[in-house]
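Report on one structure; see the data block that follows.
No lab work stands behind these numbers, since they all come straight from the coordinates. Computed from a predicted structure; not experimentally measured. Ideal geometry is used to build each Cβ from the backbone, glycine not excepted, and the neighbour counts take in all protein chains shown.
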Amino acid sequence: MARKVLNAYEAVKTGQGAAIKAEIPVMRTFENSLQAIRDLDPNLIDDWGPADRLEEDVTAVTPEDESSFETLRNTIKEHGQQVPILVRPSKGKPGRFEIIYGRRRVKACLELDTSVRANVQEMDDETALMAKGLENAARRGLSFYEKALFAAEILSQGKTTKRVGEVLGVSRNAVSQLSRAANVVPRKVGVKIGPAPGSGRPKWFQLADAFEAKKVTEKQALSILNKMEDLASDQRLDQLLKEIAKRGAAPRVRKERSPVAGVTVKSGQGISISIKKGAFATWLDEHLDEVLKKAHNEFEAMNGKE
């Protein structure tokens, strides 16, 4: 789906996409935007729609990532803002605007105390959502986890799996995979790890598996991650997975006792009892059901009292 839409966009740019523009509203938006570029006060721009990217000031990114926020800010400072953002007039606040995409550029202009170049377009939510997805596909791709959060937020707004797939340019099966990562991995843990641009589905699913198997809790994961403040996002994920693996490989605690001569009780992951061959073993074999029922009745009576 994504390839088809992007090809359509190229057709619009070259003036060959009349039929396509008639069928895909977002294409008309892009063409019209070329004539609607304005300089806006970034303080007049409000957030809108599902978050499509983790905030870079609270998550680590790889030092080699040329699209990091610091690089973007310095580029705008030295050469100006080359690519406009997309906004629409606010529905309930006259004189203000809602951002469709370009949050990082707005943030950079705010810090630089300069106006932001913006395409101002009237559009409905459906067209705006598609424009956001298209922009993500055309520019720096979202990481797997960022896509997962984006998909989860769109689904939470009542959109169908098919629609999410169209926005992100992925299959329905891929949407299900993204949803699993977003729903199983606690949000605080995922945000603490960050976008992890170099890590795909296998590592995030490995983490999801660990949470589903109760090998780690949210509190434990956050405690581990709090010791990794200086690591890049991908390194945080790798280290967390290593720490969880160590915990899973730790020997299981087992207790062994002998309350009666010739009887050994082992407890830990369940209870096992071994009895040396003899008269007691023969008697217990004949009365074991009765003994267990009596013990269980006592347990039920005590549990009812509590």
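The figures follow:
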read-out: Reachable lysines, given that their alpha-carbon falls under 26 Å from the alpha-carbon of Lys293 and they are not under 8 places away in the same chain; value: Lys255, Lys266, Lys276, Lys277, Lys305
read-out: The stretch 171-231 versus the stretch 69-129: alpha-carbon centroid distance in Å; value: 30
read-out: DSSP-loop GluC sites (Glu not before Pro) across the stretch 126-230, with at most 14 other Cβ within 10 angstrom; value: Glu229
read-out: Those lysines that a straight Cα-Cα span of less than 26 Å connects to Lys91, excepting residues fewer than 8 apart in one chain; value: Lys21, Lys107, Lys132, Lys159
read-out: Greater than 25 Å apart at Cα, pairs in Lys77/Lys147; Lys188/Lys242; Lys93/Lys192; value: Lys77/Lys147; Lys93/Lys192
